[in-house]
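The values are calculated or read from the model by the stated rules, or taken from the named source; none is laboratory data. Since this is a predicted model, take the numbers as computed values, not measurements. Neighbour counts are summed over all protein chains in view; Cβ atoms, including those assigned to glycine, are modelled from backbone coordinates with ideal geometry. Surface areas here come from the heavy atoms of the whole protein model, side chains and all, with no ligands, DNA or RNA. Shrake-Rupley method; radii C 1.70, N 1.55, O 1.52, S 1.80 Å.
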Amino acid sequence: MSTTTGIIIIVVCLILSAFFSSTETAYSSLNRIRIKSMAEKGDKRAALVLKLSEEYDKLLSTILIGNNIVNIASASVATVLFIEWMGEQRGPTMSTIVTTVIVLIFGEISPKTLAKESPESFARLVAPVIHAFVWVFTPVNFIFVQWKKLLSMVFKTSADSSISEEELLTMVDEAESEGGIDEQEGDLIRSAIEFSDVEVMEIYTPRVSVLGIEEGTENDEVARVFRETGYSRLPVYRDTIDNIIGIIHEKDFYNHVLHGGKPVEDIMTAPIFIAKTMKIGVLLKMLQQNKAHFAVIADEYGGTLGIVTLEDVLEELVGEIWDEHDRVVEQFWKTGEHEYQARGSADFDDVLAAFGYDEPDDDEEYVTINGWMTDQLEHIPQRGEVVSFKNLDFIVQDADNRCVRMARIVENEPVPVEE
């Protein structure tokens, strides 16, 4: 073999080695969702990439067969050349060293690094060529696919290819960090993913904060309540708020009762009663089906535990919604370098999340700061009492004989963990 012929063969094998190595990296690290989106928009190369990636076993065996053939061929030719140049004693050794270094740099590391930078673009570029190789190696691929099936029967695995909620959230975090989506879009996607896991108890208005009108209330009084509260709907109860018998809409009240002379009973709609453990995704469908904006949460005795509105549900997805009649009330805010203020009704999980903590790992679930402090103290908290969590001190600043109204939170230095 002439030196020129041998070098040409080695160069060609090195190029093919780089091709197979980079193709393997591109197809193993590409974003299938992005490729599928391109294919749906009419990109034929992307459609071919998607087809190849769906038959990854054939693709991988083709790449490995091709890569091994060209690497062994280049090593063999290099050995022949080095024996001619340096003799039978030193030639094989030098051939091994030089070939290993060259193949690693130019046939493995460099092409794989470049393919990793933009796997989708590279996969689309080489798709027709690698598809041709898959067709050429079809007989050999068939043997390897059958071998894989045999191994799968011997070594049974239970691989779950479905994407979990945690993996989806991780994908959103990565897309946000890489600049694919902004923070607002990331928050919206995370809220949508976690939406179905939220229970109505996490977003409801408790019974003590529910404002309704008693059956038989004078029209002038009802109009005053609508005017002063700015609410568009009010529950109507009989004798007590535990016995809600209907819902009235402000527009219907003014049009048909106040100006039309109809009794309130004619415009009332039947209330929807739900359990406190209902998921808000189920509630949203129920409200849509019943063309309702309002649901009453029943307690274990059949009374009223609280209410939840369509706006409450949507706010869990898109964030707080304020209109021109709402009075903005802050639940938690910073007052000093390491001091904060929180209302007793503030969401306990949200406050802990602001400090990077999860809720306490116990059997109880706390909705508000007042509920947590009351449970910890085992009595109605009094002004000046302190409850600690991690490096946080919750100090009762204002309270009555029923609940905590305001708490001061002091953030201390984290306690070092002893080894």
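So, in the stretch 60-74, how many residues would count as being closer than 14 Å to A123 by Cβ and open to solvent by 20 Å² or more (accessible area, probe 1.4 Å)?
The number of residues fulfilling the criteria is 1.
Does D57 count as surrounded by 14 or more Cβ atoms within 10 Å (Cβ to Cβ) and in contact with a Lys or Arg (Cβ under 8 Å, 6 or more places away or on another chain)?
Judged against the criteria, D57 is not a match.
Name the single residue, out of those in the stretch 1-42 being more than 18 Å from G107 (Cα to Cα) and open to solvent by 80 Å² or more (accessible area, probe 1.4 Å), that is modelled with the lowest pLDDT.
This residue is M1.
What are the pairs, 6+ residues apart or on separate chains, where a residue within the stretch 167-183 that is surrounded by 15 or more Cβ atoms within 10 Å (Cβ to Cβ) has its Cβ under 6 Å from a residue that is assigned to a loop (DSSP other than H, G, I, E, B)?
A175/I181
For the stretch 250-284, give me each residue that is closer than 16 Å to E218 by Cα, in contact with a strand residue (DSSP E or B) (Cβ under 9 Å, 6 or more places away or on another chain) and not acidic (D, E).
Correct list: F253, V257, V264, I267, M268.
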